[in-house]
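The values are calculated or read from the model by the stated rules, or taken from the named source; none is laboratory data. On a predicted model such as this, the values are computed, not experimentally measured, just so you know. Cβ coordinates were reconstructed from backbone atoms using ideal geometry, including for glycine residues, and neighbour counts include every protein chain displayed.
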Amino acid sequence: MKTRYVVDTNVLIAASAADPTHPKDIDATPAAPELREMVWKWLFEFEQSASRMVLDRTGGIYEEYCKKLGFNDYGIQVVMHKWSTAAVDHVDVEYDEQGYGVLPPTLAPVIHDLEDRKMVAAALAAQAMFGEGCIAFAGDTDWHDWEDALAEHQVQLEPIIEAWSRQKHAEKQHR
C-alpha cells in the first residue's frame, strides 16, 4: 500500500457489491464475483492500513460516492472509517462552471471522462502537497488510456485488478 490514495468510485462500488457481510445487489464492474472479491480485499486492506484517503475540500469526490452508494454500503463505511481515524487528506480542487475538476492545459484534452477530472485534480494536488499522488481504480479501463500523460505529471495509478483491466482495455482498443 502506498501512503495515500485518491480512490476511484468504481472501487467503492465493486467492493460494496462483494462485501461478505452485507453484499449489495448493484450494477458493478467487473461482474465476476471473484474479481469483485479482489477489489473488496484491496479496500479492506486499505481500510485497515495506515494509508490515507485523499478527498477534495469542497466535497465533490464524496458527493460522487454518495450518488452511487448509500450510507451503509461498505465503500462509504470505509470513507467514514478514514475520516473517524483522521486518515483523510483534504486537498484543494478547482471546479469549472459545469462542476468538473480543472486540469492543467496538458491534461485537459487527455482526460475525456469529465467526471474523472476531479480525481485527477485531487491526485495532482496531493502530488503538489505531499510529493505523491496515486489513483486506485478497478473497473474503469479509461485510466490505462491516460497513464502516460498522468505519469508525466507524477500521478501514479494503481489498477487493483490489473490483469483484468489491461485485458479489457486491449479489447476496447481493438474495437
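Do we find a residue being modelled with pLDDT under 95, within 18 Å of N10 (Cβ to Cβ) and among the charged types (D, E, K, R) anywhere in the stretch 118-139? No, the stretch 118-139 has no match at all.
From E158, E152, which residue is at pLDDT 95 or above, acidic (D, E) and more than 30 Å from A32 (Cβ to Cβ)? Spell out the reasoning first.
Numbers: E158 fails: more than 30 Å from A32 (Cβ to Cβ).
Result: E152 is the single residue among E158, E152 that is at pLDDT 95 or above, acidic (D, E) and more than 30 Å from A32 (Cβ to Cβ).
For the stretch 12-32, the candidate set comprises residues that are hydroxyl-bearing (S, T, Y) and surrounded by 19 or more Cβ atoms within 10 Å (Cβ to Cβ); within that set, the residue that is nearest to I76 (Cα to Cα) is S16.
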